[in-house]
Each structure stands twice: as structure tokens, then as C-alpha cells.
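No value in this document is a laboratory result; all are computed from the given coordinates. Since the model is a prediction, treat every value here as computed from it, not as a measurement. All Cβ positions, glycine included, derive from the backbone under ideal geometry; neighbour counts span all protein chains shown.
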Amino acid sequence: MADERSDLERMLDDLFPYRRFMQTQRVIPDEGVDRDAVLTDIASMAKTEDAVGDSGRVSGSLYSGDHAHYHFLAQVFEHFAHANVLQRDMYPSATKFEGEIIAMAADLFRDPQPIGVVTSGGSDSLVHALYSYREEAREVRGVRMPNVVLPVTAHVALRKGAHWLGIEVRDAPITADFVADVDAMADLIDDDTICLVGSAGDYAHGLIDPIDRIGVLAQERGIGLHVDGCLGGFLLPWAEELGYDVPSWDFRVPGVTTLSADTHKYGYALKGTSVLLYRDAALRARQYFASTEWPGGLYLSPGLAGSRSGGLIASTWAAMVTMGREGYLERARAILATNDSIKSGIRESMPELRVIGDPLFMTSFMSAPEADIDVYLVNDALKERGWRMNSLQLPPALHFCVTGPNTQSGVAEDFLTDLRTAVDYAVAHRGQPAKSGAMYGFGAMPDGDQTLRMVMGGVLDAMHSTAPEA
Ligand SMILES: *Cc1c(COP(=O)(O)O)cnc(C)c1O
């Protein structure tokens, strides 16, 4: 049957796939909807949406993929879902869970003392770290025009945080090996630099910056160093234990003063938690807020969040203690082995592609210089076969971040087979515009950045609207 929908309608159906067969709620219903009916709809949406990730064809995002584990976490969550972590007199369990999450993470990342906070995610951890450094620099050194020096590959949430906090971002280029150029970082530091940043590993390529050398630089200049281990943090210690070559990146590097690692990635907790660790308590106290003059009472809060659900803290704690070192090691072993297969498969049998660096838990690849293929065309063909990669830019590349669901048997082999076909497709269609990387091309237009931001703003508006009538 021919698809008679207009382009706009097709786009709306992609964004709001349920609008044609489920009620679109525009006002609170007069009479409450029956719980069973809600549960039926919820279950049907979840089933459809989970099928995508469970297939093992999605890069990143899911991390565990073990539904028995998720079910257990949801059971734990249920006990404290309604509890407010702020009310410690009522919920001393929250004090126990949070303190122990921090202690376990500090032990794993060799923080000399268990000093940290549990946040709502990686971005939250990064923004709080920036805030603490800014406050410290302002009060101790009188810095009024703060800047942060980071490699251009450092996570974009730092850029967002700096934007919100009035901190200038000084981007250092990366080396030919795609890691931070420490000499270039040194050149960007001045008296107003509040801290340096390095990644372990970076979101785009999964590579670990030379944290040792950045640490020495930070100490020489008397400033702090934040290591963004949001992605790799909960995987790298196990890789090291399994004998992989993992460059130093944690608190064993003397110059490291803060470190973030996401429990909701390779920590296998539910979405909505991360840890931010500090080497010393005085810097952590910079993110505290206390007010004594408010009619609402004395107010004390460790960070931006007010009320938080006890369910997330309890289930994160439960994820860590039930996984155990053994569980983490076993999952890491499978993830690292799957990535090894993908990485070596590309290196050995796809001369048209170049693997970027030697990442442990993801494989990021671009066109080999002499092959001159459009990797977004490769992505088009992979999409056709059900693969969901992450598209990168500057330079154009794709990455496959390996997680639990990708370790199912046959996934790496199927991926390599389909990637071979996808590369052939890109070679055959050289010069034609790619469908994926929809943003691709805009950057080269006059005022490209501005146009792009406008389009991106429109996408956010659409995502935060209600489904139009079908
Ligand atoms: C995912 C990620 C973040 C941000 O994490 P969110 O939890 O999505 O806010 C920060 N840094 C790196 C390297 C990441 O991969």
C-alpha cells in the first residue's frame, strides 16, 4: 500500500508514534483513568521500545540490558520511590546509601578519603565540579573572569556548565592520536584558569587523555584537575584488573583533585545517578549552600537539587552491592572482548576505514584518508540493517560503544558483516548526500552555525510539545 502521508506527517509520526492509536492527553482527565488501562499502555510502549535495545544493535545507552537486574532495581526503587532524600531524620537509610555509594566509588577510584556527592547524572557531576572550582578561585584568588582549559573532546556538558556559570571555555586541540595536547593546554592557562579537565575516556572516541601529564601541569600551576570518568569510570578498573593496558587516570595521579563516574552507565544502576568525588573536603564544601535568613527556616543543601527520590539512591546502592566485584569483572570481560573483536575486525578487513586510537570499550572509526568515503553513508546503510550508531563530527566518524546487550553471541560478527556491506554501499554511492547526520552539510553554509542552532532549537520545541491530531 502506498504511503500517502505528507513529509510533515511522516516526521510527526516518527516523533509521536502513539498519536494514532492512544489518547493524547491535553488536560488532566476529569475522572482518573483506570490503573490497569494505564499499565497496559505503558507495558506496550515499553515492550516496543525495549525491543530496539535488547536486539544488541544499539551503541551505548543501555549498559546492562539484563532485565532480571532491572526488575530487581525496580523492586528496590519501589520501597523508597516516594521518600525525599532531603528529610534525613525520616529517612536515615538515604544517609547510609549515599555514604556507602561514595565510599565504594572512592575505593574503586583510589580516592584517599571517601569524599563526594551523588548527583543526578554525568552532566550534573561536571557542572558541580566546575562550580566548586569557580567558587574556590573567586574566594581564594579573587578570580573574576574565570576560564577552564580542556581538550576539545571533553564532554559538551562542561561547555553547557561553563555557559551557565559564566566561565570561559578554552579549547585545546587534540594530538594526531586524538588525545589532549598537553603542551597546548599549558599555553592556554593563565591566572584566571580555575581548573583543567581530562577525560577517561572521552565520549567521542573512548580514549584516555594523558592524565599523568595533565596532573603534573595542574600541580605546577597550582590549579585543580577534574577527570571526567563519567563514561569509562566504572569499566576501567576492571579492565586494569583483567590485564588490559589502562593508562593512569584516577586518584593515583597526584594532580587529580576531582573525578566523576556515572553509576547509570557501566555502574549498571538505573538512569539518574552519578558520583562526583573530591580529593579534599574543603573543595567539596564549595558546592554546599546554607541559608539562615529565610522565613522557611534554616536551609542546607549539598548542590543544585532540592527534593530527590530515595528510590534512586537505594537502587544505585543495591546495583553496586549485588553486582559485586565478580559481577562487574565478568561483564567487563565480555564487553572488552566484544570490543576487541569489532576493533580488530575493522582493522584487519576494512582498509577503507581507520579506527581512531586504541579504545578499550568502544570502537570509533572514520574514513581512511586514501579511501575518502562518507561515513554518514556508511551509517545510512547500517541503519537500514537495524544498527544504531553514534555519529560524530570534526572529523566525521561513527562510534560503537559496547554494552551488555552487544555481548550476546553473534552480535560482533553480524556487525562486521553488515559494516562490510555498509562500506561497499558508501563506496558505490560516493558523492551522494547521506540521509543520516541530518545536520551534516549545514556547517559549511554561510552562517551555518547560527542556522544550525535555530534548527536544533526547533527540534527541542517539537520534542517538548504535545502530539498534534493525527
Ligand atoms: C555520558 C557522558 C557524560 C554526561 O553524562 P549524562 O549522564 O548524560 O549527563 C559526561 N562525560 C562523558 C565522557 C560521557 O560519556
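Tabulated data
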quantity	calculated
Distance in nm between pseudo-label sites at Gln87 and Phe72 (7 Å out along the Cβ direction from Cα)	3.0
Whole-angstrom Cα spans of region 114-225 along principal axes, big to small	38, 32, 29
Ordering of 33-42, 269-278, 220-229, 7-16 by packing [mean C-beta count within 10 Å, highest first]	269-278, 220-229, 7-16, 33-42
Given charges at beta-carbon only (K, R positive; D, E negative), |dipole| of the chain in Debye	640
Eligible lysines near Lys435 by straight Cα distance, threshold 21 Å, same-chain separation 8 or greater	Lys383
Prolate/oblate/rounded label for the chain (Cα gyration tensor, a/c 1.5)	rounded
Bridge type composition, the chain - antiparallel percent by DSSP, nearest 5	60
Local electrostatic count, Leu353, Cβ distance below 14 Å [Lys/Arg +1, Asp/Glu -1]	-3
Cut-off 18 Å, label 7 Å out along Cα→Cβ of Gln25, residues of region 40-61 by amide N	40-47
Leading residue at positive end of dipole, region 78-320 (Cβ point charges), from Gly310, Tyr203, Gly122	Gly310
Computed log₁₀ I(q)/I(0) - Debye formula, equal Cα scatterers, no solvent, region 1-126, q 0.15 Å⁻¹	-1.12
Gyration tensor (alpha-carbon) shape descriptor, region 375-430, a/c threshold 1.5	oblate
Packing-based ranking, highest mean first, of 117-124, 293-300 given that Cβ atoms within 10 Å are counted	117-124, 293-300
Charge-dipole axis of the chain as Lys and Arg at +1 and Asp and Glu at -1 on Cβ define it, positive-most pick from Cys230, Ser349, Ile194	Ile194
Val140, Val216 arranged by Cβ crowding within 10 Å, fewest neighbours leading	Val140, Val216
Size of charge dipole - region 236-299 - debye, nearest 20, with Cβ of Lys, Arg +1 and Asp, Glu -1, no other charges	200
Alpha-carbon centroid distance for the pair region 95-151 / region 227-290, whole angstrom	10
Protection proxy ranking of 46-58, 187-199 - average other beta-carbon atoms within 10 Å, highest first	187-199, 46-58
Space enclosed by the convex hull of the alpha-carbon atoms of region 78-320, per residue, Å³	122
Length-normalised contact order for the chain - Cα pairs under 8 Å, 6+ apart - percent	19
Sorted by Cβ density within 10 Å, fewest first, the residues Val182, Val152	Val152, Val182
Distance between region 1-73 and region 316-370 - C-alpha centres, whole angstrom	29
